[in-house]
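Trainee: Structure in structure tokens, see below.
Where a number appears in this text, it was derived from the coordinates with a stated rule and is not lab data. Bear in mind the structure is a predicted one, so any value in this text is a computation, not a measurement. Here the Cβ positions follow ideal geometry from the backbone for every residue, glycine too, while neighbour counts run over all protein chains shown.
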């Protein structure tokens, strides 16, 4: 996990770009954009992690730049930046695993039983 502004040229990703996620969605107090961490970059997409110093909630955001403008998608999470980075390396679920999970949940099995059974 690296600091967003640690001497690198991130092209269009700048302090001004972070204004689209400038306030914490949980407490509505402003973020310090220097605390935002880039977890992953892929072309014109950037996966960011921000932890609010006021309420300690965390946000993961995907910011994408295109010819049509800037778009962002944010999600409040209880994961740390390290946990998010670690889970990115895992293989995605297969369609078979997804359908099996759906069937088990539909039949009333708990999520804990499902996770134990499938050994995720």
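Trainee: Taking other Cβ within 10 Å of each residue's Cβ, how do 98, 79, 47 sort, fewest first?
Mentor: Listed from fewest to most nearby Cβ atoms, that is 98, 79, 47.
Trainee: Can you tell me the length gained on complete extension of the stretch residue 104 to residue 45, counting 0.36 nm per residue apart and subtracting the Cα distance?
Mentor: Gain on extension, residue 104 to residue 45, equals 17.7 nm.
Trainee: Put a dot 7 Å past each Cα toward the Cβ at residue 22 and residue 64; how far apart are the dots in nm?
Mentor: A separation of 2.5 nm, rounded to one decimal place.
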